[in-house]
Amino acid sequence: MPKDTKISKEQSIRRTKFVTELIISAAVICAGGCLIKGVADRSQTVGTSPFADVTEVAEIPESTTEAPDPNAVIYDTVSRPLTDIFKGELILVNNYNEYIGGSEDLVSILEMNEQTGRTCFTTVDYSYMLAADAYEPLAQMIEDFYNRTGIDNLTIYGSYRTREYQQELYDAALISEETEDYARVAKPGYSEHESGYAIDFSTIPDYDFNGTGEYAWFAENCWKYGYILRYPEGKEDITEIQYEPWHFRYVGVPHAYYMWKNGITMEEYMELLKEHPYDPTGALHLSFSDDNGKLYEVYYVAADFSADTANIPVPNGVKSTISGNNSDGFIVTVYIGEAPEAEEAPSAPSDEDTDEGSDGDELDDDSSGEDENISEEW
Ligand SMILES: [Zn+2]
């Protein structure tokens with residue numbers, strides 16, 4: 001029995017040792033397993049963490065290359081009646097683009113001269129009207145000319161015309177023996193004088209303005225006041241109107257500058273703008289600065305004729321204006337660096353050459369209005 005006891009004691013020890021080893025092994029295995037599991041858990045956690053989303057991580061390279069520019073322009077949408085296509089200082093009126101009109105904002109040139117104390121130029125009578133936007137730039141231009149030359153014999157011999165008056169001019173030319181006149185007087189509805197944005201210069205007392213001598217200053221400097229020489233010499237094939245040194249048209253400073261600087265007519269300019277449509281990146285817009293260093297951006301927005309309302313993108317936080325083009329869309333003008341205004345304001349002439357206003361000699365307001373100039377009014 002002692003042997004048995006010994007054996008059994010031995011067995012007991014072995015069994016205990018085995019169990020102990022088993023427990024230790026189990027513990028080691030368990031610990032190892034837990035360690036592996038922990039690592040596995042951590043690696044799994046990396047994959048599913050809301051702070052490191054796999055999808056998001058995968059997109060980083062793409063979103064880095066297309067990251068929005070913090071300085072990028074944000075565009076708002078301005079709604080305008082579709083009929084506004086026919087309004088604004090950039091409407092092109094010629095043989096192919098009828099002036100619709102009917103809602104002109106006009107002022108009497110003589111009344112405005114009285115209100116502003118200007119006597120350095122005049123017009124025929126109180127009925128001579130001009131688009132409200134166009135008066136002050138015109139008056140400042142003539143005032144600067146007067147201050148420079150002392151010449152005060154300018155008179156506005158043509159300005160806003162009603163369609164009825166244009167009809168009268170047309171009919172008169174029609175019955176005239178001079179068929180040349182018939183070809184030269186614009187058909188009713190196709191004269192930009194009906195818009196109120198065009199003026200004809202003349203001089204007292206001879207009623208002649210040929211744009212030479214001192215008067216050549218106007219063609220060279222009118223852009224500073226937002227005016228263009230509308231029917232220049234050598235461009236008759238484009239404008240289909242003979243050279244008219246007396247006829248000026250208000251379009252606003254940036255546009256007047258661009259046309260003057262590049263020697264193009266309004267017809268060419270409006271065509272050019274169609275190659276510069278709205279583009280949210282701005283890359284397609286016509287960008288330029290004038291001789292005073294002011295920056296502008298201009299773009300075309302084609303009209304959707306299936307809707308009564310046009311939605312026009314304009315930059316947020318920058319001054320911009322909208323004008324119709326009188327055919328199929330809108331032109332947006334952006335004044336880079338200028339704060340937006342509550343209302344669209346007429347473009348002011350440049351500070352350069354703008355001396356303080358000076359009263360010239362009093363002129364005789366009652367001009368004779370000789371008919372010899374009718375053929376010069378379109
Ligand atoms: Zn004219």
Order by protection proxy (mean Cβ within 10 Å, highest first), peptides 207-214, 92-99, 71-78: 92-99, 207-214, 71-78
FRET efficiency for Glu168 and Asp291, using Cβ-Cβ distance with R0 set to 35 Å, rounded to 0.05: 0.25
Equivalent-ellipsoid semi-axes of segment 91-155, from the Cα gyration tensor, Å, largest first: 26, 14, 10
5 angstrom amide H check on Ile312, placed H, neighbours 5+ away: Val78, Ser79, Arg80
Backbone HN-Hα couplings from phi across segment 308-318 [Karplus 6.51/-1.76/1.60, Hz, Gly and Pro as x]: 7, 10, 9, 9, 10, x, 10, x, 7, x, 10
Mean Cβ count within 10 Å, highest first, over the residues of peptides 256-266, 323-333: 323-333, 256-266
Label point at Asp208 placed 7 Å out along Cα→Cβ; residues across segment 133-157 whose backbone nitrogen lies under 19 Å: 151-157
Taking the C-alpha atoms of segment 239-299, convex hull volume expressed per residue in Å³: 93 Å³
Relative counts (whole %) of C-alpha pair distances in segment 75-360, using bins that are 5 Å wide: 1, 5, 12, 16, 19, 17, 14, 9, 5, 2, 0, 0
Value of relative contact order over segment 75-360, rounded to a whole percent, pairs C-alpha under 8 Å and six or more apart: 26 percent
Förster-model FRET efficiency, 45 Å R0, Glu111 and Asp69, C-beta, rounded to 0.05: 0.35
Chain lengthening between Ala302 and Thr149 when straightened (0.36 nm per residue, less Cα-Cα): 50.6 nm
Per residue, in Å², the accessible surface of segment 75-360 once ligands and nucleic acids are set aside, probe 1.4 Å: 43 Å²
Solvent-accessible area, 1.4 Å probe, carbon plus sulfur percent, for segment 75-360: 48 percent
Amide H contacts under 5 Å for Tyr99, placed H, 5+ residues apart: Tyr190, Ser191
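The values are calculated or read from the model by the stated rules, or taken from the named source; none is laboratory data. No experiment lies behind these values; they were computed from the predicted model shown. Every residue, glycine as well, gets a Cβ built from its backbone with ideal geometry; the counts of neighbours run over all protein chains shown. Only protein heavy atoms, including side chains, enter the accessible area calculation; ligands, DNA and RNA are left aside. Shrake-Rupley method; radii C 1.70, N 1.55, O 1.52, S 1.80 Å.
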